[in-house]
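One structure below.
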């Protein structure tokens, strides 16, 4: 059987994941969390929002692992989260983004089944027109990539893109 083609793979640095669940609309929680994290120069590397029909909403975001303690402390501080919101978090996750050529749903199903057989956890999934992104434990990212490479055909001369640089916000503002 011929392997399905993908356009590439992109891997994240080591991140931590925060899942916030609560009753308010997205505008309130996204804006509030973004402002709080920006004020502390904490970059959001990944952000998804899921509205639920039962009046519960979920906001998931990932930041660099080195800001896990700061972010946990900020969000656990009384008044940081709106009333009724709960937080769970996990450290040491990585994101694998797959750029499908076609058949994105079939690819997602293949990945989920194959990772399940290999005991590779999936902590989150986000899709867009161009990518499928999955969060998993950082220590199994290489194993997860091997499974993907066994399932799909990458373009010639392509290796998974692994970031080597970490960018930080600067508190300096350039005057005109």
Determine, yes or no, whether residue 114 is modelled with pLDDT under 90 and either surrounded by 14 or more Cβ atoms within 10 Å (Cβ to Cβ) or under 15 Å from residue 9 (Cα atoms) (or both). no
Picking from 44, 74, which residue would you name as being surrounded by fewer than 18 Cβ atoms within 10 Å (Cβ to Cβ), in contact (Cβ under 8 Å) with a residue 12 or more places away in the chain, assigned to a loop (DSSP other than H, G, I, E, B) and in contact with a helix residue (DSSP H, G or I) (Cβ under 8 Å, 6 or more places away or on another chain)? 44
Return the total of residues in the stretch 52-71 being free of Cβ contacts under 8 Å to residues at least 40 places away in the same chain, farther than 30 Å from residue 148 by Cα and in contact with a strand residue (DSSP E or B) (Cβ under 8 Å, 6 or more places away or on another chain). 3
Consider the stretch 90-110. How many of its residues are under 16 Å from residue 42 (Cα atoms) and out of contact with any helix residue (DSSP H, G or I) (no Cβ under 6 Å at 6 or more places or on another chain)? 0
Would you check which residues across the stretch 88-119 are in a loop (DSSP other than H, G, I, E, B) and touching a strand residue (DSSP E or B) at 6+ places or on another chain (Cβ under 6 Å) and list them? 101, 103
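The values are calculated or read from the model by the stated rules, or taken from the named source; none is laboratory data. Predicted model only: the values in this text are computed from it and were never measured. Using ideal geometry, Cβ is built from the backbone for each residue, glycine included, and neighbour counts are taken over all protein chains shown.
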